[in-house]
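Have a look at the structure below before the remarks.
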Amino acid sequence: MRKKKFNKKMNYLSNGRQYQLIRTTILHKMLEKPIKSIAIVSPDELSGNSIVTMSLAKSFANIGKRVLLVNTNTQSVKNSKNEERSELGIIDYLNEGMTEIRRIIFPSGYKNLDYIHYGISEADAASLFSSSKMTELMAQMNEQFDLVFFDTTPICVSPDSQVISALSDTTILNIRRGVSTKKGYRFSKKLLESIEADILGITFIDF
């Protein structure tokens, strides 16, 4: 049976202007409560999660915010070129007893935006993200940066995203038109609600 796609008519993310609108929404929410860390979560591997995370991070960097983008997306690492696994990253920091966060923070090449790679170590990411050291790392990142964005593994694939969402101040659920299904969307939302994640909103991308 052919899967029914999630094509509900809503505002879709397709250009820089749309990312600015989401930035405005986030800034408005910041007036209501402190937001330092944001997890970007999607149901599917092909939902464009990494593109959305980078675009939102750049949007805030453009207005002078000191932004950190953290790659916790194991799927993007598997699909990327070798350089993503050749640099020390968050997994190495958590797994190998590092104490200096500066060792894993790299310039992105974009003004006001720094980057933390996934890393080299082969380890159980969900367990490491659930550790007390991750809680300490979150506190350090939140102290050093205005905003921290997390690119996460598809939530229907791995529990990593649930852990990161629970640790983050808020979560954005990213849905891609023509790729994400209604079932995937509903299941993702259910998983986020089960851990009482704060869901800021849902983005619908079309590219």
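No value in this document is a laboratory result; all are computed from the given coordinates. Quick caveat, the model's predicted, so the values are computed rather than measured. Counting neighbours? That spans all protein chains shown, and the Cβs are built from the backbone with ideal geometry, glycine included.
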Exercise for review: Take Ile199, Ile91 and order them by how many other Cβ atoms sit within 10 Å, fewest up front.
Suggested key: Ile199, Ile91
Check your understanding: Given that just one value was derived from the coordinates, which of [x] 1.02; [y] 0.94; [z] 1.06 is Rg/Rh (Cα atoms, Kirkwood Rh)?
Key -> [y]
Point to revise | Theoretical gain in end-to-end length, Leu31 to Ser132 [0.36 nm per residue, Cα-Cα removed] | key: 33.4 nm
Review point. Fewest to most neighbouring Cβ within 10 Å: what's the order for His117, His28?
Key: His28, His117
Review point. Quick one: of the DSSP bridges fully inside the chain, what percent are antiparallel, nearest 5?
Key: 15 percent
**Study point:** Burial ordering of Glu96, Glu32, fewest other beta-carbon atoms within 10 Å first
**Key:** Glu32, Glu96
Practice item. Could you list the chymotrypsin sites (Phe, Trp or Tyr not before Pro) in the stretch 84-185 that lie in coil according to DSSP, counting only those with at most 10 other Cβ atoms within 10 Å of their Cβ? Key: none
